[in-house]
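The values are calculated or read from the model by the stated rules, or taken from the named source; none is laboratory data. Keep in mind the model is a prediction, meaning the values are calculated, not measured. Glycine gets a Cβ as well: all are built from the backbone with ideal geometry, and neighbour counts include every protein chain shown.
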């Protein structure tokens with residue numbers, strides 16, 4: 001069997017025995033800066049803006065809902081099952097459908113609708129990143145197939161950056177089969193290094209921080 | 001032994017359009033990298049590199065341990081690990097799985113490891129539709145070419161080339177506007193994503209402690225390949241391991257900046273097994289192909305095994321004066337540039353392409369920019385030594401060996417050396433402006449002619465150092 005062959009060949013190259021423990025690992029390098037919320041919000045919006053992502057800081061749930069309603073107007077949107085979207089009243093905006101639990105039904109909507117609306121498990125201020133943990137509430141395709149992605153996230157989920165996320169979530173695999181970081185709209189520069197947005201994922205991204 | 005593909009290289013050098021494309025693209029990538037690491041948030045970039053190097057060294061030195069840990073954790077999450085000793089085994093696994101599961105269409109996101117296997121070619125034998133979905137890779141698949149660059153595979157293609165390729169292969173009207181070309185590809189590939197049975201991705205990192213595969217990208221095609229089809233296979237070289245998810249904090253920060261000057265790429269997917277109970281989408285089956293294909297051979301040499309630390313950022317290509325002239329297709333294997341020059345000989349044996357480690361000016365740029373601090377110039381030198389030793393064993397290059405023996409003899413006998421130096425200015429060919437640019441006819445034969453055709457020699461000084469020293473000492477007395 002190739003497995004055992006490969007492992008024994010590795011061991012003989014490295015001079016190790018099967019089951020031999022490893023010496024101490026280099027320590028983890030994680031640094032979490034102290035950044036007040038207002039500053040984190042500013043950082044997030046600036047970082048996302050640089051990538052041509054739009055952001056809005058909403059004072060309350062109604063403001064968030066109104067902003068999303070303005071974007072949806074006249075178009076078809078699919079919302080994830082995140083409870084926060086319901087709390088904001090986003091799921092009752094005309095044109096927004098939600099509550100899909102079957103894979104094929106969800107997929108069919110995501111592939112044909114104009115807008116996908118999600119919340120996010122976390123957001124990272126330094127890079128303008130959304131952290132999506134796949135679950136019953138937050139399927140993968142809503143933030144992926146429609147050409148426009150809107151994420152509505154409470155500021156309590158806004159972390160400083162990657163280091164803080166990995167401190168809170170030392171093993172993401174314990175929570176989900178798929179975690180995705182989304183940092184701005186989908187893009188490519190494969191032809192003459194000319195930047196084009198929206199090649200496979202959404203070309204337009206709006207983040208509403210509530 | 002193969003020789004330097006001089007004809008092909010000359011063709012690349014004489015192609016003005018290609019030269020502009022390579023030089024321009026790599027230059028822009030160099031600039032973007034510089035800008036991103038000069039940013040104050042990356043003030044600790046050097047510390048990150050040192051740390052990344054330490055983690056990779058630790059992991060590679062204990063690779064068997066982490067591979068077993070990875071396997072345990074992937075199995076715990078409901079995935080399967082397939083160990084493949086070579087390309088043939090890996091291709092055979094995919095073909096068999098396709099037969100068993102009735103797979104008719106495969107969508108693939110960018111993976112250099114599958115290029116090693118020439119996977120597309122293999123599965124096409126079974127009439128399976130296999131589609132590259134990274135825009136650059138898709139263009140190359142349609143053009144039937146290999147990637148030109150680890151990160152920017154279609155770096156050598158202009159919008160006009162793409163227009164020709166799309167018109168010819170997709171039957172669309174000729175389109176030279178890049179945005180519109182991109183949207184043509186989006187439309188064609190979207191349909192493929194939604195009808196594929198199997199998605200194949202690469203892996204930038206394998207996280208042993210989590211049993212996870214990490215894929216970074218900008219387009220969204222890797223996310224789609226791993227989320228839309230019912231089966232997912234991740235293809236990875238076994239060296240892609242890191243111990244813990246927390247180690248990603250450093251690796252993601254150096255990878256994006258080194259590759260494209262991005263603090264973080266648009267998408268980073270952390271994938272661990274098939275979808276779990278309750279999750280609505282994601283694959284039903286999850287396989288990880290762990291490919292050896294020569295990697296265990298590289299491990300045998302303690303000094304050179306650091307080549308396996310590579311995270312495929314492409315920075316060494318962009319900074320290499322040789323790559324920037326000869327481009328990606330003149331290298332003998334899928335990995336080009338300085339990293340290719342140290343990987344290929346170690347995977348295939350030093351005698352297969354002995355010119356490769358010599359295709360370097362040893363300027364050291366590759367080593368300076370490598371985010372995991374692989375000592376590429378040092379390994380190049382060691383490979384040159386290995387090549388010389390191999391040739392000696394095979395009794396090749398007798399002339400060169402004799403010449404060096406004579407040289408060594410003269411150098412270790414001071415009187416002879418002194419005599420040789422005194423004679424040098426009189427026996428050497430004539431110099432112009434202090435350089436010897438050509439040699440007399442009788443020297444224009446054999447290996448010397450080839451050597452001198454590419455090089456100029458500084459003319460010997462009229463007085464040797466020894467002579468000057470002696471005169472100075474005498475003057476003092």
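Exactly one residue among A:163, A:190 is over 25 Å from residue A:96 (Cα atoms) and buried (at least 24 other Cβ atoms within 10 Å of the Cβ), and that residue is A:190.
Taking (1) in contact with a strand residue (DSSP E or B) (Cβ under 7 Å, 6 or more places away or on another chain); (2) facing chain A (nearest Cβ under 7 Å) in turn, residue B:285 satisfies each apart from (2). From the list A:129, A:155, A:160, exactly one residue is within 7 Å of another protein chain (Cβ to nearest Cβ), in contact (Cβ under 8 Å) with a residue 40 or more places away in the chain and touching a strand residue (DSSP E or B) at 6+ places or on another chain (Cβ under 9 Å). Which is it? Answer to the check: A:129.
Against the test of being touching a strand residue (DSSP E or B) at 6+ places or on another chain (Cβ under 9 Å), touching a residue at least 40 places away in the same chain (Cβ under 8 Å) and buried (at least 19 other Cβ atoms within 10 Å of the Cβ), the options B:151, B:117, B:123 yield a single qualifying residue, B:117. With respect to (1) more than 10 Å from chain B (Cβ to nearest Cβ); (2) buried (at least 22 other Cβ atoms within 10 Å of the Cβ), the lone exception for residue A:144 is condition (1).
Per the listing B:210, B:225, the residue uniquely out of contact with any strand residue (DSSP E or B) (no Cβ under 7 Å at 6 or more places or on another chain) and under 30 Å from residue A:171 (Cβ atoms) is B:210.
For every residue, the table says whether it meets (1) surrounded by fewer than 20 Cβ atoms within 10 Å (Cβ to Cβ); (2) more than 29 Å from residue B:180 (Cα to Cα); (3) within 9 Å of chain B (Cβ to nearest Cβ).
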residue	(1), (2), (3)
A:111	yes, no, yes
A:123	no, yes, no
A:174	yes, yes, yes
A:184	no, no, yes
A:209	no, yes, no
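Out of B:366, B:320, B:313, one residue alone is assigned to a helix (DSSP H, G or I), touching a helix residue (DSSP H, G or I) at 6+ places or on another chain (Cβ under 9 Å) and buried (at least 21 other Cβ atoms within 10 Å of the Cβ). It is B:366. Do we have any residue at all in segment B:241-262 that's part of a loop (DSSP other than H, G, I, E, B) and over 20 Å from residue B:53 (Cα atoms)? Scanning segment B:241-262, I find at least one residue that is part of a loop (DSSP other than H, G, I, E, B) and over 20 Å from residue B:53 (Cα atoms), so the answer is yes. Got a number for residues in segment A:6-19 being at the interface with chain B (Cβ under 7 Å from one of its Cβ atoms) and either modelled with pLDDT under 95 or touching a strand residue (DSSP E or B) at 6+ places or on another chain (Cβ under 7 Å) (or both)? Of the residues in segment A:6-19, 1 are at the interface with chain B (Cβ under 7 Å from one of its Cβ atoms) and either modelled with pLDDT under 95 or touching a strand residue (DSSP E or B) at 6+ places or on another chain (Cβ under 7 Å) (or both). If you go through segment A:74-102 and keep only what is in contact with a helix residue (DSSP H, G or I) (Cβ under 9 Å, 6 or more places away or on another chain) and assigned to a helix (DSSP H, G or I), you end up with A:84, A:85, A:86, A:87, A:88, A:90, A:91, A:92. Among residues belonging to segment A:33-49 that are loosely packed, with under 14 Cβ neighbours inside 10 Å and assigned to a loop (DSSP other than H, G, I, E, B), point out the one that is nearest to the other protein chains (Cβ to nearest Cβ). For segment A:33-49, the residue satisfying everything is A:33. Counting the residues of segment A:95-109 that are within 16 Å of residue B:279 (Cα to Cα) and more than 9 Å from every other protein chain (Cβ to nearest Cβ) gives 4. When the residues of segment B:126-148 are filtered to those that are under 28 Å from residue B:216 (Cα atoms) and over 22 Å from the mean Cα position of the chain (by Cα), the one that is surrounded by the fewest Cβ atoms within 10 Å (Cβ to Cβ) is B:129. Just one of (1) in contact with a helix residue (DSSP H, G or I) (Cβ under 7 Å, 6 or more places away or on another chain); (2) part of a helix (DSSP H, G or I) fails for residue B:385. It is (1). Can you work out which of the residues in segment B:158-188 that are within 13 Å of another protein chain (Cβ to nearest Cβ) and in contact (Cβ under 8 Å) with a residue 24 or more places away in the chain is surrounded by the fewest Cβ atoms within 10 Å (Cβ to Cβ)? Out of the qualifying residues, it is B:158. Restricting segment B:65-124 to residues that are under 27 Å from the mean Cα position of the chain (by Cα) and part of a loop (DSSP other than H, G, I, E, B), the residue that is farthest from residue A:25 (Cα to Cα) is B:118.
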